[in-house]
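One structure is given below, encoded as structure tokens.
The values are calculated or read from the model by the stated rules, or taken from the named source; none is laboratory data. Just so it is clear, the structure is predicted and the values come from calculations on it, not from any experiment. With ideal geometry, Cβ positions are generated from the backbone for all residues, glycine too; neighbour counts draw on all protein chains shown.
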Amino acid sequence: MSEAMSEHRTFHMIEAVAGRLEGAPREVRRWSDEFKAQAVTESMEPGASVSAVARRIGIDPSQLFTWRRNARLKAEAVVDTARGETSTADIMIGDAVIRVNVGLDEPHLVRLIRAVRSA
């Protein structure tokens with residue numbers, strides 16, 4: 001390096017602060033159970049496109065797919081309980097069947113389902 005360059009070196013500190021991405025929602029939206037049920041029902045109609053239904057009602061398709069999956073899991077648990085197994089419920093995830101006590105609290109159930117899905 002030449003001596004002229006080494007004499008005039010300066011450093012600038014740049015600070016980057018993460019902010020809201022442009023176009024991101026400004027607040028967390030909460031949908032009523034009735035709204036979710038109506039969207040799921042509509043998306044299950046013969047010939048219905050989940051993505052088209054989601055776009056029309058203003059949500060991301062992945063959100064509607066999640067609601068559908070949750071509704072299916074809930075329905076499966078209700079069906080298994082209605083078969084006379086009042087103390088346990090079977091939850092089917094792919095080829096796996098989880099048999100749980102009906103009174104199992106939600107945080108434990110969520111951890112159990114995540115463990116099965118990641119296996």
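Give just the number: which of (1) over 20 Å from SER32 (Cβ atoms); (2) at pLDDT below 80 does ARG99 not satisfy?
Against the list (1) over 20 Å from SER32 (Cβ atoms); (2) at pLDDT below 80, ARG99 comes up short only on (2).
With respect to the numbered conditions (1) part of a strand (DSSP E or B); (2) at pLDDT 85 or above, which one is the sole condition not fulfilled by ALA89?
Answer for ALA89: the failing condition is (2).
Write out, first by first residue and then by second, each pair whose Cβ atoms fall under 7 Å of each other, whose residues are 6+ apart or on separate chains, and whose first residue, in the range 83-100, is surrounded by 10 or more Cβ atoms within 10 Å (Cβ to Cβ) while the second is at pLDDT 80 or above and of a type in the set (Lys, Arg).
From residues that are surrounded by 10 or more Cβ atoms within 10 Å (Cβ to Cβ), the pairs are THR88/ARG99; ASP90/ARG99.
Under the condition of being of a type in the set (S, T, N, Q) and loosely packed, with under 13 Cβ neighbours inside 10 Å, which residue from the range 42-65 is nearest to the chain's Cα centre (by Cα)?
Out of the qualifying residues, it is SER62.
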